[in-house]
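Here's the structure we're looking at; comments come further down.
The values are calculated or read from the model by the stated rules, or taken from the named source; none is laboratory data. Computed from a prediction, not measured in an experiment: that's the story for all the values here. Because the Cβ atoms are built from the backbone with ideal geometry, glycine has one as well, and the counts that use them run over all protein chains shown.
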Amino acid sequence: MSNKTATIVGAGLVGSLWAVYLSKAGYKVTIVERRPDIRKAEISAGKSINLALSDRGWKALDTVGIGDEIRKIAIAMPGRMMHDLKGNLSFQPYGKDGQAIYSVSRGGLNARMMSIAEEVGKAQIFYNERCADVDLEKGIVYTEHTETKEKKEYHSDVVFAADGAFSAVRYNAMQKLDRFDYSQKFIEDGYREILLPANADGSYKIEKHALHIWPRGRFMLIALPNEDGSFTCTLFMPMKGDKSFESLKTKENVNDFFKTTFPDFYAMMPTIADAWGNHPLSALAIIRCYPWTHGKTALMGDAAHATVPFYGQGMNCGFEDCTVMWQLMQKHNEDWNKVFEEYQILRKPDGDGVQELSLQNYLVMRDLVADPKFQLQKKIESHFSTKHPDKWMPVYSQVTFSHIRYSEAYRVGNLQDEIIKKVMSSFPDIEEKWNSEEVEKEILKSL
């Protein structure tokens, strides 16, 4: 039996997956979790924003042989379905044929991942244990039971904080370090979830294999499919102001807003005002910090780089932390000082990159996807990329269907955006000749 030990704070998605990796390397893994065991509670499919698993996430799951278990609860979405004000639908593929992102319920996935951590990773999970403090140098996690107030200490060779955006490890220990950089920025928009039920016979009210978007400038409604025929929908809009969450005070306000802004959705769910209060209004923040490691302790996932959900990459980025940390464990033969040092130097630019990409994509989803000029730009990109795959990969594909570093995808994506806009502006009749050799040559000249 190995005597290597590890403590993970947080039994969420990243913590549960990382437990499997550590177990594979021969560690005895203990997980402490502030919440009760969610598998013993009734999880509603629409409890929180559905997640979109893409290539980076699948790679992390497949590396430890658990991808197929998760595929059982994932629904393929090869593109986005746009809903305009008149209820007209238009489908925009995300990538090439066969490429898709996958909708998974956060609650359902988390429950499955916890079971995998226990069964495959042989991890022991202690619930209702709040992290009160951490000795970063010695690898000691101090907890207090949320109900009995019993205090415990967990001693181990290494400690991993996978306890989310408002990490207790980071707050109680890391943020007290000298010269620790930390910032938290809330965007002006918030979100509220809505569960669109299945039809009476259990069938889907709208296309199952698509991520549905109702883009309305300053507002955006999205819907992701669940296994039971329902959709987890999320409304994003300003927290305050004339048309905002603050202004939707009564059932009448809610009904009027949906009737005028999302008429086809209202027709499917005329009970929207009754369901409005079923889920809390939530804020959205970008959290940045550095360093991510100290002594025997490292931050992973949202604890290190929480982002807004508009690229569907928060979980994928956290899972990629596991992939990178695992590769570094092999490279440095588990010399944790070297592993941690290279991990934070490598991953910090990518944590920043995914945050910038997420903010950018919010504007794309909210304001641009319905814009004919933007649609033409994407058409030109797609055409050029098909003809010259070695010279051009659209930024969405770089982020979603490749393992190119997020920081590199952000840099290249901005460069590509400049090139296409410049080329489009140099052809007054670009709508007619968007796929001509002339335009192609102009792009090649700019590369």
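Any residue in segment 351-364 that's closer than 10 Å to Ala306 by Cα: show its pairings with residues that are surrounded by fewer than 23 Cβ atoms within 10 Å (Cβ to Cβ) and among the aliphatic types (A, V, I, L, M) at Cβ separation under 8 Å, as long as the two are six or more apart or on different chains.
That search, which allows pairs on different chains as well, returns Gln355/Ile286; Gln355/Val308.
Which of the residues that make up segment 204-228 are out of contact with any strand residue (DSSP E or B) (no Cβ under 8 Å at 6 or more places or on another chain) and among the acidic types (Asp, Glu)?
Asp228 - this is the single residue of segment 204-228 that is out of contact with any strand residue (DSSP E or B) (no Cβ under 8 Å at 6 or more places or on another chain) and among the acidic types (Asp, Glu).
Quick one: Asn361 ticks every box in (1) over 16 Å from Asn435 (Cα atoms); (2) at pLDDT below 90; (3) surrounded by fewer than 19 Cβ atoms within 10 Å (Cβ to Cβ) except a single one, so which number is it?
(3)
Would you check if there is a residue in segment 8-25 being touching a residue at least 60 places away in the same chain (Cβ under 8 Å), under 22 Å from Gln398 (Cβ atoms) and part of a helix (DSSP H, G or I)?
Checked against the condition, which is being touching a residue at least 60 places away in the same chain (Cβ under 8 Å), under 22 Å from Gln398 (Cβ atoms) and part of a helix (DSSP H, G or I), segment 8-25 yields no hits at all.
Can you pull out the residues in segment 90-101 that are free of Cβ contacts under 8 Å to residues at least 24 places away in the same chain, part of a strand (DSSP E or B) and not small (Gly, Ala, Ser)?
Once the filter is applied, which keeps residues that are free of Cβ contacts under 8 Å to residues at least 24 places away in the same chain, part of a strand (DSSP E or B) and not small (Gly, Ala, Ser), segment 90-101 yields only Pro93.
If Val169 satisfies all but one of (1) surrounded by fewer than 13 Cβ atoms within 10 Å (Cβ to Cβ); (2) closer than 25 Å to Ala285 by Cβ, what's the number of the condition it fails?
Condition not satisfied by Val169: (1).
Taking the residues in segment 399-418 that are within 19 Å of Lys373 (Cβ to Cβ) and surrounded by 18 or more Cβ atoms within 10 Å (Cβ to Cβ) as candidates, determine which candidate is nearest to the chain's Cα centre (by Cα).
Gly413
Check Ala267, Ala273, Ala304 and return the single one that is touching a Cys at 6+ places or on another chain (Cβ under 8 Å) and of a type in the set (A, V, I, L, M).
Going through Ala267, Ala273, Ala304 in turn, the sole match is Ala304.
Residues in segment 208-220: is at least one free of Cβ contacts under 8 Å to residues at least 40 places away in the same chain and either more than 17 Å from Phe91 (Cα to Cα) or in the same structural domain as Gly108 (by TED's automatic domain parsing) (or both)?
No, that holds for no residue.
Out of the strands (runs of 3 or more DSSP E) lying entirely within segment 102-182, which hold 3 or more residues that are touching a helix residue (DSSP H, G or I) at 6+ places or on another chain (Cβ under 8 Å) and on the phi < 0 side of the Ramachandran plot?
Passing ranges, in order: 129-135, 158-161.
Report every pair of residues separated by at least 6 positions or lying on different chains whose Cβ atoms are under 8 Å apart, first residue within segment 277-293 and assigned by TED's automatic domain parsing to the domain that holds His305, second acidic (Asp, Glu) and surrounded by fewer than 18 Cβ atoms within 10 Å (Cβ to Cβ).
Arg288/Asp181; Cys289/Asp181; Tyr290/Asp181; Thr293/Glu341
Listed residues His332, His383, His388; which is out of contact with any Ser or Thr (no Cβ under 9 Å at 6 or more places or on another chain), at pLDDT below 95 and farther than 24 Å from Leu224 by Cβ?
On inspection, the qualifying residue turns out to be His383.
On the given criteria, is Asp181 touching a residue at least 40 places away in the same chain (Cβ under 8 Å), surrounded by 13 or more Cβ atoms within 10 Å (Cβ to Cβ) and either within 13 Å of Ala298 (Cα to Cα) or in contact with a strand residue (DSSP E or B) (Cβ under 9 Å, 6 or more places away or on another chain) (or both)?
Considered against the rule, which asks whether it is touching a residue at least 40 places away in the same chain (Cβ under 8 Å), surrounded by 13 or more Cβ atoms within 10 Å (Cβ to Cβ) and either within 13 Å of Ala298 (Cα to Cα) or in contact with a strand residue (DSSP E or B) (Cβ under 9 Å, 6 or more places away or on another chain) (or both), Asp181 comes out as no.
Where residues in segment 203-242 are buried (at least 17 other Cβ atoms within 10 Å of the Cβ) and small (Gly, Ala, Ser), which of them is nearest to Asp189 (Cα to Cα)?
Applying the filter and picking the extreme gives Ala223.
Give me the residue from segment 28-48 that is buried (at least 24 other Cβ atoms within 10 Å of the Cβ) and at pLDDT 95 or above and, out of that set, farthest from Val104 (Cα to Cα).
Looking at residues that are buried (at least 24 other Cβ atoms within 10 Å of the Cβ) and at pLDDT 95 or above, I get Val29.
Just to be sure before I move on: is Tyr396 outside the structural domain of Gly10 (by TED's automatic domain parsing), under 21 Å from the mean Cα position of the chain (by Cα), part of a helix (DSSP H, G or I) and not hydrophobic (A, V, I, L, M, F, W, C) in the structure I sent?
yes
So, Asn316, is that one crowded, with 21+ Cβ neighbours inside 10 Å, modelled with pLDDT of 95 or more and not assigned by TED's automatic domain parsing to the domain that holds His403 or not?
For Asn316, the condition - crowded, with 21+ Cβ neighbours inside 10 Å, modelled with pLDDT of 95 or more and not assigned by TED's automatic domain parsing to the domain that holds His403 - is met.
Is there a residue being within 25 Å of Ile101 (Cβ to Cβ), outside the structural domain of Val324 (by TED's automatic domain parsing), touching an Asp or Glu at 6+ places or on another chain (Cβ under 9 Å) and surrounded by 19 or more Cβ atoms within 10 Å (Cβ to Cβ) anywhere in segment 420-434?
Looking for residues that are within 25 Å of Ile101 (Cβ to Cβ), outside the structural domain of Val324 (by TED's automatic domain parsing), touching an Asp or Glu at 6+ places or on another chain (Cβ under 9 Å) and surrounded by 19 or more Cβ atoms within 10 Å (Cβ to Cβ), one finds at least one in segment 420-434, hence yes.
Condition check ((1) at pLDDT below 95; (2) assigned by TED's automatic domain parsing to the domain that holds Arg216; (3) in contact with a strand residue (DSSP E or B) (Cβ under 7 Å, 6 or more places away or on another chain)) across all residues:
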{"position": "Phe245", "(1), (2), (3)": "no, yes, yes"}
{"position": "Lys249", "(1), (2), (3)": "yes, yes, no"}
{"position": "Asn255", "(1), (2), (3)": "no, yes, no"}
{"position": "Pro270", "(1), (2), (3)": "no, yes, no"}
